[in-house]
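The values are calculated or read from the model by the stated rules, or taken from the named source; none is laboratory data. Source: prediction; values computed, not measured. Backbone-built Cβ (ideal geometry, glycine too); neighbour counts: all protein chains shown.
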């Protein structure tokens, strides 16, 4: 009975719950790794005593946060729970395949952990570039296990993408495309990015696998190969991947802003959907801005600089549309999800601006592989993706569980986390501009002050994470029943009770043309 | 009341095969690592068997739900069509990576290769010998599978079986020819990036031919036992689409690697 429900599930809500539990656990692992990194860098000199081990932790931190936390929670968790309910469908198009997408992830995570358990672990960075990742420099099974981990996570996401695209196309109950909720649009674009970029990653890492094990030389110059080929293939996946990590967040922020501004809809629906579509499409044409230092032709670099900067236009449209949605609100509801959303808008914009700086190949030549890059992507990830996740979670928690979280404590959690992440990552801009390189376990004394402050920030973030665990526990143990009527939302997912029944939309809703 | 729904969708009953599939993938990948590094093929064989078991049991359930329980309404079929197309698109991008690797390596051959393509010392296969035959075989199989489809739609059972048999035989003939070519080739996968791109690209293609042939054999079997009707035979359509995709990949391989690349 229990096994049937939780191991053999074909229910989108239960599978969404499984993804949330998995993602939450992975978040603890990823956070622990981030703390080890900051602990090493909290003072000059060595803590771990081993730069390779440090890089193994840095590599694992990235893989865990990207593939086992952000993606499962945003797409597997929120996507599975909300998309069918928002379009009036009783479940996903392929409910059984939905479950396999989930059950590919624990094996994938196990393979990653195994890679650290054998030999000396994978100390290449999450990009796994050859020749460092080749069998000469990383002998043994570590890199191969990590490659297989990525294979399984890739299969999970590709199948999930097929499921979401088919569901959204095929199962909308009298909802026209121009009425589709913004979160559903964001998942739709994300799914296409997954479908098209992950197979290229699969090809790249398969070639790395064959280079390491069956004597191919795709990336080995002695056989006529080229390590830069790997970089092209990896980043052709890698750049769409970062949009995969943020687009669902955009969707959630739109929903939160609309609700807490007391509005019926977002400002400029057409602009919002067009912007997401454009960001997704352009995201395929800018990959080499991750490769500005490999020796590419100056004209090639100038193309990628220009194309990258163009993406700021649709992104800016979204930011201004969110602000316009907030404007003219009779009374903003100053509840926690709104705080996360406001924090998102401000901090994601900051991260986006440093991205514009890096888009310029001339500046990037100096800033590539420095802490300026680390600061940039942590602003858009730890403050973009994570803030949207926490905002979405505090917003939809009553729907998923039927309980409420303590409002005062969730607000305190926001402020502590806000302080922590900003203190951690803002100083890293200075470190990058001053030339501190990435993936180094130690640094010259001159970089001490900003590193100390950054590590202090990470401790504050840890505090907020532990506090959030307490808040979750309290919510589940106090069992304050959520009353849907007090949460009047104009979005369909709230119409079926908190929590909704196991099966919803068993009778399909009908929506007339009037809105 | 059980067995009653007022929507056209298929809410699949709980199923163990996703979990088995995940375990199979885990066993297979660990098995590969054991084979590469620890000189053992036990887990690899076990993993392959589990993958096959998962596929057989899963698709057997799909056949039961569709052909015998009637769960595949026209709405569900529309979803299945879209899903199959999306899957094939993802496979196109997978092959794109290998074609990218081929062109990256062959358009600007390095000093180590003698700044020429094919590299110095490599004697490429004659594109107008067996590879041309292979092209004819696959193109013909595309014709026969279309013939089978039309026969199926016209309710001509024996003709459909005959055309499908031809398709399967041509597919197996391709595999046999290609296997013989692999055996007789004067270069190996270890012969620099030429060997790498050649054998990995054509190798993955060959794997997809085997997968497609298997799919068609299953369709042949189902046609023999009267699963298909003249208007509802999506499994066959999916196999035919997949087979056409395999054919198109071969055409690109032939033109780019066999012909241009020599």
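The residues of the stretch B:63-76 that are surrounded by fewer than 19 Cβ atoms within 10 Å (Cβ to Cβ) and at the interface with another protein chain (Cβ under 10 Å from one of its Cβ atoms), listed by number, are B:65, B:75.
Residue count for the stretch B:17-31, restricted to those that are at the interface with another protein chain (Cβ under 7 Å from one of its Cβ atoms) and over 21 Å from residue A:14 (Cα atoms): 3. Each residue in the stretch A:165-190 was checked for being within 14 Å of chain B (Cβ to nearest Cβ), in a helix (DSSP H, G or I) and surrounded by fewer than 18 Cβ atoms within 10 Å (Cβ to Cβ), and 1 of them qualify.
May I ask you to say which residue of A:161, A:153 is without any contact (Cβ under 8 Å) to a residue 40 or more places away in the chain and within 19 Å of residue A:66 (Cβ to Cβ)?
Numbers: A:153 fails: without any contact (Cβ under 8 Å) to a residue 40 or more places away in the chain.
It is A:161.
The lone criterion from (1) more than 10 Å from chain A (Cβ to nearest Cβ); (2) surrounded by 16 or more Cβ atoms within 10 Å (Cβ to Cβ); (3) free of Cβ contacts under 8 Å to residues at least 40 places away in the same chain left unmet by residue B:14 is number (1). Considering only residues of the stretch A:1-13 that are surrounded by fewer than 21 Cβ atoms within 10 Å (Cβ to Cβ) and under 13 Å from residue A:103 (Cα atoms), which is farthest from the other protein chains (Cβ to nearest Cβ)? My answer is A:6.
A quick yes/no check of all residues on (1) over 14 Å from the mean Cα position of the chain (by Cα); (2) in a helix (DSSP H, G or I); (3) surrounded by fewer than 23 Cβ atoms within 10 Å (Cβ to Cβ); (4) more than 14 Å from every other protein chain (Cβ to nearest Cβ):
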site	(1), (2), (3), (4)
B:188	yes, no, yes, no
B:195	yes, yes, yes, no
B:199	yes, yes, yes, no
B:208	no, yes, yes, no
B:215	no, yes, yes, yes
B:220	yes, yes, yes, yes
B:226	yes, no, yes, yes
B:231	yes, no, yes, yes
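Residue count for the stretch A:1-49, restricted to those that are outside any helix (DSSP H, G or I) and modelled with pLDDT of 95 or more: 13. Scanning the stretch A:45-67 for residues that are under 13 Å from the mean Cα position of the chain (by Cα) and touching a residue at least 60 places away in the same chain (Cβ under 8 Å), we see that the one that is farthest from residue A:449 (Cα to Cα) is A:67.
Does the stretch B:37-53 include one or more residues that are within 25 Å of residue A:214 (Cα to Cα), at the interface with chain A (Cβ under 10 Å from one of its Cβ atoms) and crowded, with 16+ Cβ neighbours inside 10 Å? Reasoning before the result, please.
Start the filter on the stretch B:37-53 by keeping residues that are within 25 Å of residue A:214 (Cα to Cα), which leaves B:37-52.
Applying the additional criterion that residues be at the interface with chain A (Cβ under 10 Å from one of its Cβ atoms) yields B:37-38.
Pick out the ones that are also crowded, with 16+ Cβ neighbours inside 10 Å and you get B:37.
There is at least one residue in the stretch B:37-53 that is within 25 Å of residue A:214 (Cα to Cα), at the interface with chain A (Cβ under 10 Å from one of its Cβ atoms) and crowded, with 16+ Cβ neighbours inside 10 Å.
When residues of the stretch B:141-160 are filtered for being over 15 Å from residue B:216 (Cα atoms), touching a residue at least 24 places away in the same chain (Cβ under 8 Å) and in a helix (DSSP H, G or I), how many remain?
Let us first name the residues in the stretch B:141-160 that are over 15 Å from residue B:216 (Cα atoms), namely B:150-151, B:153-159.
The next check asks that each one be touching a residue at least 24 places away in the same chain (Cβ under 8 Å); those that pass are B:153-155, B:157.
Checking the rest, the ones that are also in a helix (DSSP H, G or I) come to B:153, B:157.
Total meeting the criteria: 2.
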